[in-house]
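First up is the structure itself, then whatever we jot down about it.
The values are calculated or read from the model by the stated rules, or taken from the named source; none is laboratory data. Nothing here was measured: the structure is a model prediction, and the numbers come from that model. As a convention, Cβ positions derive from the backbone with ideal geometry for all residues, glycine included, and neighbour counts pool all protein chains shown.
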Amino acid sequence: MDTEKIQILLFQEIREKTPKHISLADSVAALLEISPDSAYRRIRGEKPISLEELQKLSVHYNLSLDRLLNPSGKSFLFNGDLLDESNYDIEQWLAQLNQMTQSIKKQSDVHVYYIAKDVPFIYPLQFPVLAAFKDFFRKKYLAPRTHARGSKFSTADQDLAVNALSNQIVNAYNTIASTEIWSSESFNSIIKQIQFYHYTGQFASEKDRFVLFDTLETMINHLEHQAEIGIKYKFGEKPEKDAAGYNLYNNELFIGEDTILADLGDAKITFLNHSFINYMTTSDQLFCNYTFRNIKTIIARSTPVSWAGEKDRRIFFNSLKKKLDDARSSR
């Protein structure tokens, strides 16, 4: 492929990332500090772009030059942080989640699809006790074993700043229509985490375990009602008639890692969970469209739990409550 065609493809990809109400030429001209006419000539491939301009464009528009120069469909550009004990901070982690959620919320005609291997992060955030426990678990997971010894979890350990950030994220997420695909296994991780800390004596008191299980039960009941009425609302508040729609599906066969896709209409963004705590994102449309088609296939092979699926909804949530009851009664 010659350089002129590569340059044209480059600007075609930039055009896909540029909102329709913004002029592509004006946007490129402002970024490269050139006239709109010079920008048009570059967009049409009449004037070659320099390496410096290519670097500015690739960084600003989050482009995968490797895939552009080798269009085999096997290279995709992702962004994300790699967290460990040296740089994990719950407020910073939540601030990044808040920034992403608020950015998606601002888009018109947006729909979020969430394939949930574990309980979606948004729900424990509505319950400060669970949010604090998940933070404790992350710190234990990331810290060297020798540093983690001796620390114990107490349901009294809560951070007001963390709770405030959590509320912002929940409020924003609840304004976005969403479809979630779960399995009955999605609750296994948090139940096993609670059991593990109980068995290894890492709770400050015996009551902490039961407070967590009771809060989980409250969360399950909230989710069941949310699925029943088909709209999202924050725990402790009344659902609004014009609230964002909520679709829940159960699939016991095709749940892999946590995958979130935001369908923005003209574009899509995919968020992939890896290494337990990290998320990496891409707006590569080839990858996002492939992920979107895969999600649609999974939905077609899933059982509706929300809206009219009363029988299947009861079966699904009763199975979650049974798991919780079994864990609560275990020694």
Taking first residues from segment 234-245 that are assigned by TED's automatic domain parsing to the domain that holds ALA172 and farther than 15 Å from LEU125 by Cα and second residues anywhere that are in a loop (DSSP other than H, G, I, E, B) and among the β-branched types (Val, Ile, Thr), the pairs with Cβ under 6 Å that are 6 or more apart or on different chains are ALA244/THR175; ALA244/ILE176
Of the candidates VAL170, VAL129, the one satisfying the condition of being modelled with pLDDT of 85 or more, surrounded by 15 or more Cβ atoms within 10 Å (Cβ to Cβ) and closer than 30 Å to HIS21 by Cα is VAL170
Which numbered condition trips up PHE76, out of (1) within 24 Å of THR281 (Cα to Cα); (2) of a type in the set (A, V, I, L, M, F, W, C); (3) at pLDDT 80 or above?
-> (3)
Got a sec? Which helices (runs of 4 or more DSSP H) wholly within segment 1-46 have at least 3 residues that are surrounded by 12 or more Cβ atoms within 10 Å (Cβ to Cβ) and charged (D, E, K, R)?
-> 3-17
Checked segment 204-250 for anything out of contact with any helix residue (DSSP H, G or I) (no Cβ under 9 Å at 6 or more places or on another chain), within 23 Å of ASP109 (Cα to Cα) and of a type in the set (D, E, K, R); matches are GLU240, LYS241, ASP242
Could you list, in sequence order, all residues of segment 285-331 that are loosely packed, with under 13 Cβ neighbours inside 10 Å, among the polar types (S, T, N, Q) and outside any helix (DSSP H, G or I)?
-> SER330
Hey, any hits in segment 269-276 for a residue that's assigned to a helix (DSSP H, G or I), over 29 Å from ILE194 (Cβ atoms) and under 18 Å from the mean Cα position of the chain (by Cα)?
-> no
